[in-house]
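Below: one structure, written as structure tokens.
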Amino acid sequence: MPGSTPTAVCQPGTVHHRIDPTDTRWFQRAVFYEVLVRGFYDSTNDGTGDLQGLTDKLDYLEWLGVDCLWLLPFYDSPLRDGGYDISDFFSVLPEYGDIAHAVVLIEEAHKRGMRVIADMVMNHTSDQHPWFQESRVDRTNPKADWYVWGDDDQRWSEARVIFVDTEPSNWTYDPVRGQYFWHRFFHHQPDLNYDNPQVADAMLDVVRFWLDLGLDGFRLDAVPYLFERDGTNGENLPETHEYLRRVRKVVDDEYPGRVLLAEANQWPEDVVDYFGASGDECHMCFHFPLMPRMFMAVRREQRHPVTEILAQTPAIPEGCQWGIFLRNHDELTLEMVTDEERDYMYTEYASDPRMRRNIGISRRLFPLLDNNEDLARLFHAMLFSMPGSPILYYGDEIGMGDNIFLGDRDGVRTPMQWTPDRNGGFSNADFAQLYLPALMDPVYGFQAINVEQQQRDPSSFLHWVRRLLQVRKSHPVFGTGSFEVLHADNPAVLAFLRRDETATILCVNNLSRFPQPCELMLEELAGQVPVEMSGRVPFPPIGELPYFVTLAPHGFYWFNLQVPGEESGPRP
Amino acid sequence: MIDPDALIVRLPELLPEHLARQRWSGAHDRTIEDVELRWHEVVSPDPLLIWTLARARFGDGEVQDYQLFLGARDATALPEFIQGKDREIVALIAEPAPGVVVYDALVDPDLTIAVLHLVAPEVVVEHRRPIVLEHSNSSIVFDEARILKIFRKVEPGPNPDVEIPRVMAERGYDHVLPSLAELHRDGCDLAVLREFLVGSTEGWELARASVRDLLAGGLPPEESGADFAPDAERLGGVLAGLHLAMADAWGVEPGNAQRWADEMGANLAQLVAGIDREGPAAIPVEAIDERFARVADLRDAGAEIRIHGDLHLSQLIKTDAGWKVLDFEGEPARRRSDRFTTSSPLRDVAGLLRSLHYVGAVGLGEWGAWDEDLQDLVSQWERRNRTSLLAGYLGTDGIGALLPAEDAERDALLAAFELDKAVYEVIYELGHRPEHVNIPLTGIRRIVQDEGAP
């Protein structure tokens, strides 16, 4: 059966890696690609994507130019929560393959200069996990204190219920043990008891296991909730930060160059705590509010929603980085934002039926943008030039659509569309066997939108994204340079500088659907020549007067500012 | 080196023509009889920088003091910064050779920094840029971080544009820009340095963009992308907060409805005296008068407090730190002594409501199409934003204590202030932009015909 055994043999030490092990800051410059193993490519023709299938498609990802893959959970699981309910941390979900497939994937990615990180759920396990099965038997077994048990369901009532639609309480009664167990998420996901040193150690062993296999790091799911304390809401407790510092120390001491990315659905000023006061917790955190603010800015045709949130974003410690994205597998929900931001979002969205329609529903980028390719280009140009490491969501590089009739989050998890052939080239299984139906609608279906067609068409969105990625990757200032908003008289224009000792890049974005003029105040840079970065065309030099540019609807420019006489390149 | 004394004695003969050319002087259509220097000071000898307060006496006997910073350089090699700045050149003096060019020092990068150091000696700056198109002041931005506002028309005593933001900021009201440094002389405020908020936008520009988007999209305002209503509501709250802080700082008097009505009547009389009532700008004087008379009859006029006095959407900027209120000088066409420094807070609210009307009307005019559907859209836009602004204002805790207790009386007073503002606008437009006079006339007609909001 194809794919049942790994097609490349793992021989540690012999594989030619294109990964520089001494580069411990790679994540500050990297472009990430979030991929759903289940939905990427099916090598076994059982209707579900697998690790070998992903390995088969690494050449495509290398061609696209991504630096790091982020895999959603692929561990053994009853799949009641998309794999975030792990029943064995040390094995792979059989539908996806086995440990050997995971090792081959990592090795083959490394050969191509790509790193691989994966989701890891620290906070809880599935109730099917052997640890829980043992813990629930009685109150004296060796795992009796590995979970959080209580005689009643009243303690820690200050802690909010996150999934209010399905969970009445953070406590659920277990008839086997005759006690309640604590769970911040679904009632089939009991929280681990981190006050038990054995649990804290066991989870470090899980971390070491995967890093030993070559994984380049983790996205740590739901980190704010590891501990519980009386009189608190159980979020962001000092004990949680202390444990993260312990995880970080293991990484730094034993696995330098690997990365921890925190998923803390919180406000930037709270999220920064997860970098640690001196950068000694997570290397990266997601910047959640930037994405909805970008949508708001384009909707309002003004820069303020974006510049406001960036002004409210605190500085982060040296050696850290934000993870920024346009879309991912989850959505921004109003529960995660501050009261002030909730008021802001409600005020802004409440009367706007178009925006309200999309709150709380997972949509892909293109449907959200009414399939407007110019707008999608502007969004990518902003994503790739703003402070942070961009994270692409699989399929967005070809403009895939969604299927809102699948409900919940499945609508944005349909199979990757490779070709116009059966099942979009994702799988040779019968259509009815697919884990989710491939899109077949006339606008976004695989016959209209697929990798093969766009690879053949040099003016496709896919080729455009690839070229933009190349430009970004050749200028590390995008990853680590300063970010300085420029004064522009026209509110529809967002202009900023990215700057470090080696380069100054000027980015100008038109948030309006109409052509716009703009005068930029650049006298500080008088004498320099803006060179447009996609075509290397020099623009008129900056003078003492405001610098005047005109922008096409949703147009943008990236200029590399050069001092005359210092341009690189051969001379006649 | 240029002899400063020889130059200073010649200034009174050179300045009248120069002043008449300046936008900020308000003297382009008046005759300046003569100019005398109230005081002068040589700030730097080379290049020469003279700082002076010049008193102009007009043909009608009025006088006005102007603050000037004058540079002078050798005329053999005209510096580059002066190229194309004919309006800023005071004079080219040929004798004695090689001659001297005298100019407004604010176009000179070096001397501008010398001016800054008069205000704030310790500030280190690298770059500066002047802000063009200002009516009554001159402003310069330094390093995109600070803005120096130089008052051109100087009147005795503290300038409310310095005093009010300072006091408001001291009281914790954070929708103003407090002073970083101030320049005073003889009890007059002459300049103020403030933080420059990069990326800020005038409310007028944002509202204009909203109307443009509305007209281009053809959707109702609440479905149009650039909906302004959330900001209108915020602005209502910002204004109410300002009024509460001003009432707290300078006290609250019972509203004097009779005086307000008299002021409105006087304003109207000035208008009537100046125009042909049978002409195209027909004004329903009796109906306006009747509305003003209702003010005099109010049982409860609310409070009289210190107010902004000239609030419109260009006096509000949206910044990354929220909305900020600017320009507390009052209506520039009036002398400070004639401006409304205290009144009902509803006078400011009326100013913003009139501004919303203007922005819609100007937007529609620029769009160049007058079909009924578009007019209706703009009316919807204005109604929506009026409602939001008033909701934000009236919804602020404590503001009710400053207003007439009864809604009907409050609305009557607000409508009268809107009318009064519109009368002022008619006078202004007839003098400056006759093509716009229909905007305030429409505003007047709407109110007197009891249409109220659009």
> Of A:F181, A:F227, A:F185, which residue is touching a His at 6+ places or on another chain (Cβ under 9 Å), under 29 Å from A:L79 (Cβ atoms) and in a loop (DSSP other than H, G, I, E, B)?
Replying inline: A:F185
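Among the residues in the range A:37-52, are any under 23 Å from A:N123 (Cβ atoms), buried (at least 17 other Cβ atoms within 10 Å of the Cβ) and within 20 Å of the chain's Cα centre (by Cα)? Full working, then the answer.
Step one: of the range A:37-52, the residues under 23 Å from A:N123 (Cβ atoms) are A:37-38.
Adding the requirement that they be buried (at least 17 other Cβ atoms within 10 Å of the Cβ) leaves A:37-38.
Keeping just the survivors that are within 20 Å of the chain's Cα centre (by Cα) gives A:37-38.
Yes - at least one qualifying residue is present in the range A:37-52.
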> Is it true that some residue in the range B:171-193 is away from every other protein chain (no Cβ under 12 Å), assigned to a helix (DSSP H, G or I), out of contact with any helix residue (DSSP H, G or I) (no Cβ under 9 Å at 6 or more places or on another chain) and surrounded by fewer than 21 Cβ atoms within 10 Å (Cβ to Cβ)?
Replying inline: no
> Can you tell me how many residues in the range B:121-159 are without any contact (Cβ under 8 Å) to a residue 60 or more places away in the chain and either part of a helix (DSSP H, G or I) or within 14 Å of another protein chain (Cβ to nearest Cβ) (or both)?
Replying inline: 17
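Of everything in the range A:474-492 that's hydroxyl-bearing (S, T, Y) and not in a strand (DSSP E or B), which residue is nearest to the other protein chains (Cβ to nearest Cβ)?
First pass over the range A:474-492, keeping only residues hydroxyl-bearing (S, T, Y): A:474, A:480, A:482.
Retained after the next criterion (residues that are not in a strand (DSSP E or B)): A:474, A:480.
On the way: A:S474: 28, A:T480: 22 Å.
Filtering first and then ranking leaves A:T480.
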> Is it fair to say B:T319 is among the hydroxyl-bearing types (S, T, Y), surrounded by fewer than 21 Cβ atoms within 10 Å (Cβ to Cβ) and farther than 30 Å from B:V63 by Cα?
Replying inline: yes
> Which residue pairs have Cβ atoms under 7 Å apart, sit 6 or more places apart or on different chains, and have a first residue in the range A:286-305 that is within 12 Å of another protein chain (Cβ to nearest Cβ) and touching a residue at least 12 places away in the same chain (Cβ under 8 Å) and a second that is among the charged types (D, E, K, R) and assigned to a loop (DSSP other than H, G, I, E, B)?
Replying inline: A:A297/A:R303
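Inside the range B:25-39, can you point out the residues that are out of contact with any Leu (no Cβ under 8 Å at 6 or more places or on another chain) and either in contact (Cβ under 8 Å) with a residue 24 or more places away in the chain or buried (at least 16 other Cβ atoms within 10 Å of the Cβ) (or both)? Please lay out each step first, then the result.
At the first step, the residues of the range B:25-39 found to be out of contact with any Leu (no Cβ under 8 Å at 6 or more places or on another chain) are B:26, B:28-31, B:33-34, B:36.
The answer is B:G26, B:R30, B:T31, B:E33, B:E36.
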> Which residue, of A:E308, A:E281, A:E263, is surrounded by 18 or more Cβ atoms within 10 Å (Cβ to Cβ) and either within 14 Å of chain B (Cβ to nearest Cβ) or among the basic types (K, R) (or both)?
Replying inline: A:E308
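Looking only at the range B:74-120, count how many residues are assigned to a loop (DSSP other than H, G, I, E, B) and not aliphatic (A, V, I, L, M).
Initially, the range B:74-120 is screened for residues assigned to a loop (DSSP other than H, G, I, E, B), giving B:75-79, B:83-85, B:94-99, B:108, B:120.
Subsequent filtering for residues that are not aliphatic (A, V, I, L, M) retains B:76, B:79, B:83-85, B:95-96, B:98-99, B:108.
Result for the range B:74-120: 10.
Restricting attention to the range B:194-207, which residues are in contact with a helix residue (DSSP H, G or I) (Cβ under 6 Å, 6 or more places away or on another chain) and outside any loop (DSSP other than H, G, I, E, B)? Steps first, answer last, please.
Restricting attention to the range B:194-207, the residues satisfying the condition of being in contact with a helix residue (DSSP H, G or I) (Cβ under 6 Å, 6 or more places away or on another chain) are B:199, B:202-204, B:207.
Within the range B:194-207, B:E202, B:G203, B:W204, B:A207 meet the criteria.
Give the residues of the range B:86-95 that are within 14 Å of B:L106 (Cβ to Cβ) and crowded, with 16+ Cβ neighbours inside 10 Å, sorted by residue number. Explain how you work it out, then say what you get.
Taking the range B:86-95 as the starting set, the residues that turn out to be within 14 Å of B:L106 (Cβ to Cβ) are B:87-90.
Result: B:E88, B:I89, B:V90.
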> Scanning the range A:471-497 for residues that are touching a helix residue (DSSP H, G or I) at 6+ places or on another chain (Cβ under 7 Å) and crowded, with 18+ Cβ neighbours inside 10 Å, which turns out farthest from A:F514 (Cα to Cα)?
Replying inline: A:G479
> With respect to the numbered conditions (1) farther than 25 Å from A:Y75 by Cβ; (2) part of a loop (DSSP other than H, G, I, E, B), which one is the sole condition not fulfilled by A:V271?
Replying inline: (2)
> Pick from B:D161, B:D143: which is surrounded by fewer than 21 Cβ atoms within 10 Å (Cβ to Cβ), among the charged types (D, E, K, R), under 19 Å from A:E519 (Cβ atoms) and at pLDDT below 95?
Replying inline: B:D143
> Residues of the range B:362-387 being touching a Gly at 6+ places or on another chain (Cβ under 7 Å) and either surrounded by fewer than 14 Cβ atoms within 10 Å (Cβ to Cβ) or of a type outside the set (A, V, I, L, M, F, W, C) (or both), which ones?
Replying inline: B:E382
> Counting just the residues of the range B:270-297 that are modelled with pLDDT of 90 or more and among the hydrophobic types (A, V, I, L, M, F, W, C), which one comes out surrounded by the most Cβ atoms within 10 Å (Cβ to Cβ)?
Replying inline: B:V295
> Got at least one residue in the range A:523-535 being at pLDDT 95 or above, within 14 Å of chain B (Cβ to nearest Cβ), surrounded by 15 or more Cβ atoms within 10 Å (Cβ to Cβ) and touching a strand residue (DSSP E or B) at 6+ places or on another chain (Cβ under 6 Å)?
Replying inline: yes
> Out of (1) in contact with a strand residue (DSSP E or B) (Cβ under 9 Å, 6 or more places away or on another chain); (2) modelled with pLDDT under 95, the odd one out for A:W146 is which?
Replying inline: (2)
> Just for the range B:196-209: of the residues that are farther than 9 Å from B:I317 by Cβ and in contact with a Lys or Arg (Cβ under 8 Å, 6 or more places away or on another chain), which one is farthest from the other protein chains (Cβ to nearest Cβ)?
Replying inline: B:F196
>> Can you tell me which residue is modelled with the lowest pLDDT among those in the range A:267-287 that are out of contact with any strand residue (DSSP E or B) (no Cβ under 9 Å at 6 or more places or on another chain) and not acidic (D, E)?
In response: A:W267
>> Would you confirm whether or not the range A:459-470 contains a residue that is assigned to a loop (DSSP other than H, G, I, E, B) and either crowded, with 16+ Cβ neighbours inside 10 Å or more than 21 Å from the chain's Cα centre (by Cα) (or both)?
In response: yes
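Working only within the range B:45-54, note down all residues that are crowded, with 17+ Cβ neighbours inside 10 Å and not in a loop (DSSP other than H, G, I, E, B). It would help to see each step written out before you state the result.
Going through the range B:45-54, the residues crowded, with 17+ Cβ neighbours inside 10 Å turn out to be B:47-54.
Those that are crowded, with 17+ Cβ neighbours inside 10 Å and not in a loop (DSSP other than H, G, I, E, B): B:L48, B:L49, B:I50, B:W51, B:T52, B:L53, B:A54.
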> Residues of the range B:343-402 being modelled with pLDDT under 95, acidic (D, E) and not in a helix (DSSP H, G or I), which ones?
Replying inline: B:D371
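The values are calculated or read from the model by the stated rules, or taken from the named source; none is laboratory data. This is a predicted model, so every value here is computed, not measured. Here the Cβ is made from the backbone with ideal geometry for all residues, glycine too, and neighbour counts use every protein chain on show.
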